[in-house]
Amino acid sequence: QAGNVAAITVQDPGRSRDNEDDPKAIRYSVLLPPEFNPHHTYPVIVALHEWGWTPERILKWWGGSDASQLQSQRHGYIVIAPEYLPPKFGDPLPAPTDTIVWECLRDVRRRFVIDSDRVFLSGYGRGADAAFEVALARPDLFAGVIPISGGIITPKGTPVRDHLRLQENARQQSWYVIMGEFDFGLFDRHAEFFERQMLNGTDLL
């Protein structure tokens, strides 16, 4: 229902995770815009949440409430929040993060009419770290990326995993990266990376 958060389990006939109680099931929550029409084409924001947040919280962060609508509800975006983090720190994931995001996007396309040229990836905190990783690993999926208070360079100045090797993929998307002066040195650690991207022709703000 438009304006309400709904939890969805990805269904795919022939796979073991069809069972909603299966710990390996892939799940996400979705928030539809208030004027939702099943015959209308909608852009999508994939929102990856911070540690300690629920998917519902990040959806409300994007959409607000009936009394105070925020960006996605004002501008008519569908927002989905994959459950990409385990319930407890250290528990195994049902699949790699980019696989979870892909499966959720594929399921969304089955249920709604999606504008594939306007699919955007965002994340906050740990979700922003994941947004960098997923966007650079799967640049074909997203028109733009909006990481907020996160990155791919650790405090020791090294990249998370090997995604700096994929920096050429960043040129295939538009980036709106948000880092504040109190974000634990994030900007200073990423300045060289951002400079290389801009000199390389990446659409980066």
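The values are calculated or read from the model by the stated rules, or taken from the named source; none is laboratory data. All figures in this text were calculated on a predicted structure; none of them were measured in a lab. Counting neighbours? That spans all protein chains shown, and the Cβs are built from the backbone with ideal geometry, glycine included. When the accessible area is computed, the model is the full protein with side chains, heavy atoms only, and any ligands, DNA or RNA have been set aside. Shrake-Rupley method; radii C 1.70, N 1.55, O 1.52, S 1.80 Å.
Filter segment 33-52 for residues that are open to solvent by less than 60 Å² (accessible area, probe 1.4 Å), in contact (Cβ under 8 Å) with a residue 60 or more places away in the chain, in a loop (DSSP other than H, G, I, E, B) and touching a helix residue (DSSP H, G or I) at 6+ places or on another chain (Cβ under 8 Å) and give the result. Even if it seems obvious, please write down each step before you answer.
Of segment 33-52, the ones open to solvent by less than 60 Å² (accessible area, probe 1.4 Å) are 33, 36, 41-50.
Now narrow it down to the ones that are in contact (Cβ under 8 Å) with a residue 60 or more places away in the chain: 41-50.
Narrowing the set further to residues that are in a loop (DSSP other than H, G, I, E, B) leaves 41, 49-50.
Once the filter is applied, which keeps residues that are open to solvent by less than 60 Å² (accessible area, probe 1.4 Å), in contact (Cβ under 8 Å) with a residue 60 or more places away in the chain, in a loop (DSSP other than H, G, I, E, B) and touching a helix residue (DSSP H, G or I) at 6+ places or on another chain (Cβ under 8 Å), segment 33-52 yields H49, E50.
Can you confirm whether segment 88-102 contains a residue that is in contact with a strand residue (DSSP E or B) (Cβ under 6 Å, 6 or more places away or on another chain) and at pLDDT 90 or above?
Yes, segment 88-102 contains at least one residue that is in contact with a strand residue (DSSP E or B) (Cβ under 6 Å, 6 or more places away or on another chain) and at pLDDT 90 or above.
Of the candidates A130, A170, the single residue that is more than 18 Å from E192 (Cα to Cα) and at pLDDT below 95 is A130. Scanning segment 74-87 for residues that are out of contact with any Lys or Arg (no Cβ under 9 Å at 6 or more places or on another chain) and either closer than 16 Å to K24 by Cβ or modelled with pLDDT of 90 or more (or both) gives H75, G76, I78, V79, I80, Y84, P86, P87.
Rundown of residues vs (1) crowded, with 18+ Cβ neighbours inside 10 Å; (2) modelled with pLDDT under 90; (3) in a loop (DSSP other than H, G, I, E, B); (4) β-branched (V, I, T), yes/no style:
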{"position": "G180", "(1), (2), (3), (4)": "no, yes, yes, no"}
{"position": "F184", "(1), (2), (3), (4)": "no, yes, yes, no"}
{"position": "R189", "(1), (2), (3), (4)": "yes, yes, no, no"}
{"position": "E192", "(1), (2), (3), (4)": "no, yes, no, no"}
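Residue pairs whose Cβ atoms lie under 7 Å apart, sitting 6 or more positions apart in sequence or on different chains, and linking a residue in segment 56-71 that is of a type in the set (D, E) to a partner that is assigned to a strand (DSSP E or B), are E56/V5; E56/S29.
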